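S.K.: What follows is a structure written as structure tokens; I'll ask about it next.
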Amino acid sequence: MCRHVAWLGVPRSVAELVLDPPQGLLVQSYAPRRQKHGLMNADGWGAGFFDDDGVPRRWRSDKPLWGDASFASVAPALRSRCVLAAVRSATIGMPIEPSASAPFSDGRWLLSHNGLVDRAVLPLDGHAESTVDSAVLAALIFARGLDALGDTVTEVGERDPNARLNILAANGCRLLATTWGDTLSMLRGPEGVVLASEPYDDDPDWSDIPDRHLVDVRESHVEVTPL
Ligand code: GLN
């Protein structure tokens, strides 16, 4: 399982979300606390955010996050109302290349996948960014539309009972997430909402999202519904 995190709220730097928290993605890349599958997330990372014109921007790598001094230098200067980042533990047999690291994008959404899925069950006609299962799943979700995220995840989960399908997506003014086989936590505050595979600090306000649920965040309004 990889680990992912997203923010929607007042402008925050990518570093504030990814590098600075005591148990943030940087620490989760080598010492995650709640990871049930895989030991660490050293097979790549990706950070995405929406610029002032609402355009998604991405920086992805196939190397460990802890070794990237350039990212550590620039991340404090990248500020956005909407950020989505991930660190990767590659599923056995999957390619290790920058384009296999989340976030994936269709030019409007940024999307990350924690888990695995049999690519043979994914009825995708179009193009995926990589042959990694997560990229093929992302392309299918983009093709179906994010409003159908819950239906798509449920359908894929029924076709592959071993799949784990924790999705996290952002479009600049909305976050969507699913829980299907792995953990997801939420932190709501006056300045915005964080969704993360696991809490990035010990703030008692973190809440755990139950398995097989859909989370929809718009502004400070949060809806959690069963799948
Ligand atoms: N299956 C995906 C990959 O290989 C995601 C892996 C994960 O969540 N650890 O990248």
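S.K.: Name, by its number, the condition in (1) surrounded by fewer than 15 Cβ atoms within 10 Å (Cβ to Cβ); (2) in contact (Cβ under 8 Å) with a residue 60 or more places away in the chain; (3) within 26 Å of ASP20 (Cα to Cα) that does not hold for ALA196.
M.R.: (1)
S.K.: How do the strands (runs of 3 or more DSSP E) wholly within segment 25-125 filter down when requiring 1 or more residues that are at negative phi and among the β-branched types (Val, Ile, Thr): which remain?
M.R.: Answer list for segment 25-125: 79-87.
S.K.: So GLY172 clears everything in (1) away from the ligand (no atom under 14 Å from the Cβ); (2) farther than 22 Å from ARG81 by Cα; (3) of a type in the set (Gly, Ala, Ser) except one condition, right? Which one?
M.R.: The failed condition is (2).
S.K.: List the strands (runs of 3 or more DSSP E) that sit entirely inside segment 166-227 and contain at least 1 residues that are within 14 Å of GLY150 (Cβ to Cβ).
M.R.: On the way: elements: 174-179, 185-189, 192-196, 213-218, 221-226.
Of the strands (runs of 3 or more DSSP E) lying wholly inside segment 166-227, those with at least 1 residues that are within 14 Å of GLY150 (Cβ to Cβ) span 174-179, 213-218, 221-226.
S.K.: Residues ARG164, ARG159: which one is among the basic types (Lys, Arg) and either surrounded by 20 or more Cβ atoms within 10 Å (Cβ to Cβ) or near the ligand (Cβ under 10 Å from one of its atoms) (or both)? Reasoning before the result, please.
M.R.: Working: ARG159 fails: either surrounded by 20 or more Cβ atoms within 10 Å (Cβ to Cβ) or near the ligand (Cβ under 10 Å from one of its atoms) (or both).
The unique qualifying residue is ARG164.
S.K.: Further question: Condition first: within 16 Å of the ligand (Cβ to nearest atom) and in contact (Cβ under 8 Å) with a residue 24 or more places away in the chain. Now tell me which residues in segment 130-156 satisfy that.
M.R.: Going residue by residue through segment 130-156, those that are within 16 Å of the ligand (Cβ to nearest atom) are 130-141, 153, 156.
Residues satisfying the conditions are SER130, THR131, VAL132, ASP133, SER134, ALA135, LEU137, ALA138, ALA139, ILE141, VAL153, VAL156.
S.K.: Could you tell me which residue of segment 75-101 is farthest from ALA128 (Cα to Cα), considering only residues that are open to solvent by 60 Å² or more (accessible area, probe 1.4 Å) and of a type in the set (A, V, I, L, M)?
M.R.: ALA77
The values are calculated or read from the model by the stated rules, or taken from the named source; none is laboratory data. These numbers come from a predicted model, not from an experiment. Methodologically, a virtual Cβ is constructed for each residue, glycine included, from the backbone with ideal geometry; neighbour enumeration extends over all protein chains shown. These accessible areas exclude ligands, DNA and RNA; they are computed on the full protein's heavy atoms, side chains included. Shrake-Rupley method; radii C 1.70, N 1.55, O 1.52, S 1.80 Å.
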